[in-house]
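Engineer: If you scroll down you'll find the structure; I have some questions about it.
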Amino acid sequence: MIRVKLPVHLRTLTGVSGEVVLAVEEPVTQRSILDALEAKYPTLTGTIRDRATQQRRSLVRFFACGQDLSHELPDTPLPDAVVTGVELFLIVGAMAGGA
Amino acid sequence: MSTVRVLVGTRKGAFILTSDEKRAKWEISEPHFAGWEIFHITGTPADPNRLYAAQSTGWFGQLIQRSDDAGKSWQPVGNDFSYTGDPGTHQWYDGTQHPWEFKRVWNLVPSPTDPDTIYAGVEDAALFRSSNGGQTWQELAGLREAKGHLWQPGAGGMCLHTIILDPNDANRIYTAISAAGAFRSMDGGATWQPINRGLKSEWELPDADADVGHCVHSLAMHPARPDVIFMQKHWDVMRTDNAGELWHEVSGNLPSDFGFPIAVHAHEPDTVYVIPIKSDSEHYPPEGKLRVYRSRTGGNEWEALTQGLPQSDCYVNILRNAFAVDSLDSCGLYFGTTGGQVYASADSGDSWTSIVRDLPAVMSVEVQVLP
């Protein structure tokens, strides 16, 4: 099982208080995790990746195993530690200044 | 006794203020959608407990929320604002053509008769309609055919910020788009034409009388006189008496004819309100004095309304959707500032008081009168 941690605004939106646990068939990739996540919580559609292009929204980041995986291709297999549920797949709102 | 509900959208959430019809004491809700920008929150005339909110952030994009219990609970509804077909391109800042890209919803306007029908004005400029309470949205793509390839974004983005549904004729809809102009449909939104004749933009456009490209900031109409529309343009306060066929200037003696919102009195179709701003680069009141200007003659002759408003050191702005009018016999007016104050008048603007002082920057203000 894949363990996903959403940023606080998306936890509020989905009513999730902790981690999200997803069953995802291998190979486990960013795309397959996001597909499963949006299937479980349709209201997340469009909030993490653009509806039309399926590209990661520019101020969203994907972290796992102490690495920034945001710039990996969507179909690149994720580390074994994510696949086995040892490590969280973190969806993060990027640091941003301003208002 | 009636209840008055003021719906306030801010940079960091929405707030609901309630009072009785005296409008003297107000209860202020906790923030709804804390941390999110609420460009617009509005009620539904056909079902006052049905509210809609346009919720967005730069991080997670656009959501639409709906409440069926006056804001006690909310439900995310559809947020798929896909343009119809290939939307093509519009003018970009550098003169090249740029693809149409959805960014956010600026304005939500429910049908006066059907709580499930609602219109959304979006950036990049387009008009969408939902007939199922916001679950799904369809673009009224004929609007972009009104010379959309010539529209270009202003500094605030290429946003469709104003929608007016003629309560007497369901087929007639007016819209306004920043740096594009005003548009009218006579067939329920299927086809559109620019209605910008008479507007002049000497300092903004190479052709001051261009068919499209004028930076319209907001429109207002009294339901009893749907052919008369008032406009706050980038510069100039304008009026048409023939549903947009021709506009004429009614700025008259205003200290500045730059500004964002414009409003019409609930019971007096010739009583109009604007809030002058110093200039297009200095977005605050002239002389640091926050003054609402009222014309009782449909424009040209304006009087300053100052009682209860700060008359020194005031440097806030009032955004285009942040001015609302209630329907009580003694007409109430409400506006919000970028400094987080909401000012209200229960006597047609003669006197004002701040009903909340320290909200995040106010993006929108709407008001409902409940039996």
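Engineer: If we only count helices (runs of 4 or more DSSP H) wholly inside chain A, which ones have 1 or more residues that are of a type in the set (Ser, Thr, Tyr)? First the steps, then the outcome.
Structural biologist: Working: elements: A:8-14, A:30-40, A:80-83.
The qualifying helices (runs of 4 or more DSSP H) are A:8-14, A:30-40.
Engineer: Here's something else I'd like to know. Would you check if residue A:61 is within 13 Å of another protein chain (Cβ to nearest Cβ), closer than 22 Å to residue B:76 by Cβ, modelled with pLDDT of 95 or more and within 10 Å of the chain's Cα centre (by Cα)? Reasoning before the result, please.
Structural biologist: Numbers: within 13 Å of another protein chain (Cβ to nearest Cβ): yes; closer than 22 Å to residue B:76 by Cβ: no; modelled with pLDDT of 95 or more: yes; within 10 Å of the chain's Cα centre (by Cα): yes.
No, not satisfied.
Engineer: So, in the stretch A:43-56, how many residues would count as being touching a strand residue (DSSP E or B) at 6+ places or on another chain (Cβ under 9 Å) and free of Cβ contacts under 8 Å to residues at least 12 places away in the same chain?
Structural biologist: 4
Engineer: Could you please let me know if residue B:313 is modelled with pLDDT under 95, out of contact with any Ser or Thr (no Cβ under 9 Å at 6 or more places or on another chain) and not β-branched (Val, Ile, Thr)?
Structural biologist: Details: modelled with pLDDT under 95: no; out of contact with any Ser or Thr (no Cβ under 9 Å at 6 or more places or on another chain): yes; not β-branched (Val, Ile, Thr): yes.
No, not satisfied.
Engineer: Out of all the residues in the stretch B:1-54, which are of a type in the set (Lys, Arg) and on the phi < 0 side of the Ramachandran plot?
Structural biologist: Result: B:5, B:11, B:12, B:22, B:25, B:50.
Engineer: Can you tell me which of (1) part of a loop (DSSP other than H, G, I, E, B); (2) under 17 Å from residue B:270 (Cα atoms) is the one residue B:304 doesn't meet?
Structural biologist: (1)
Engineer: Here is a further query. Can you tell me how many residues within the stretch B:144-153 are surrounded by fewer than 18 Cβ atoms within 10 Å (Cβ to Cβ) and within 13 Å of residue B:216 (Cα to Cα)?
Structural biologist: 0
Engineer: Considering the stretch B:78-108 alone, what residues qualify as being of a type outside the set (Ser, Thr, Tyr), more than 12 Å from residue B:124 (Cβ to Cβ) and more than 14 Å from chain A (Cβ to nearest Cβ)?
Structural biologist: Step one: list which residues in the stretch B:78-108 are of a type outside the set (Ser, Thr, Tyr), which gives B:78-81, B:85-88, B:90-92, B:94-95, B:97-108.
Then drop every residue that is not more than 12 Å from residue B:124 (Cβ to Cβ), which leaves B:78-80, B:85-86, B:94-95, B:97, B:107-108.
Within the stretch B:78-108, B:94, B:95, B:97, B:107, B:108 meet the criteria.
Engineer: Additional query: I'm trying to understand the selection: among the residues of the stretch A:11-21, which are farther than 22 Å from residue B:136 by Cβ and either buried (at least 20 other Cβ atoms within 10 Å of the Cβ) or in contact with an Asp or Glu (Cβ under 8 Å, 6 or more places away or on another chain) (or both)? First the steps, then the outcome.
Structural biologist: Filtering the stretch A:11-21 down to residues farther than 22 Å from residue B:136 by Cβ leaves A:11-12, A:15-21.
Passing the criteria: only A:20.
Engineer: Can you work out which of the residues in the stretch A:1-42 that are in contact (Cβ under 8 Å) with a residue 24 or more places away in the chain and among the polar types (S, T, N, Q) is nearest to the other protein chains (Cβ to nearest Cβ)?
Structural biologist: A:14
Engineer: When you go through (1) touching a residue at least 24 places away in the same chain (Cβ under 8 Å); (2) closer than 29 Å to residue B:172 by Cα one by one for residue B:283, which number turns out not to apply?
Structural biologist: So the condition that residue B:283 fails would be (2).
Engineer: Identify the residue in the stretch B:209-235 that is without any contact (Cβ under 8 Å) to a residue 40 or more places away in the chain and in contact with a strand residue (DSSP E or B) (Cβ under 9 Å, 6 or more places away or on another chain) and, among all such residues, is farthest from residue B:263 (Cα to Cα).
Structural biologist: My answer is B:210.
Engineer: Quick check on this structure: which one of A:47, A:43 is under 30 Å from residue B:85 (Cα atoms), crowded, with 19+ Cβ neighbours inside 10 Å and at pLDDT 95 or above?
Structural biologist: A:47
Engineer: Looking only at the stretch B:73-97, which residues are outside any loop (DSSP other than H, G, I, E, B) and within 25 Å of residue B:151 (Cα to Cα)?
Structural biologist: Once the filter is applied, which keeps residues that are outside any loop (DSSP other than H, G, I, E, B) and within 25 Å of residue B:151 (Cα to Cα), the stretch B:73-97 yields B:89, B:90, B:91, B:97.
Engineer: Could you tell me which numbered condition residue B:134 fails, if it satisfies all but one of (1) crowded, with 19+ Cβ neighbours inside 10 Å; (2) assigned to a loop (DSSP other than H, G, I, E, B); (3) touching an Asp or Glu at 6+ places or on another chain (Cβ under 6 Å)?
Structural biologist: Condition (3) is where residue B:134 drops out.
Engineer: Looking only at residues in the stretch B:141-180 that are touching a Cys at 6+ places or on another chain (Cβ under 9 Å), part of a strand (DSSP E or B) and of a type in the set (A, V, I, L, M), which one is farthest from residue B:122 (Cα to Cα)?
Structural biologist: B:180
Engineer: Can you find a residue in the stretch B:309-321 that is farther than 16 Å from residue B:344 by Cα and outside any loop (DSSP other than H, G, I, E, B)?
Structural biologist: no
The values are calculated or read from the model by the stated rules, or taken from the named source; none is laboratory data. Please read these numbers as outputs of a predicted model, since none were measured by experiment. Backbone-built Cβ (ideal geometry, glycine too); neighbour counts: all protein chains shown.
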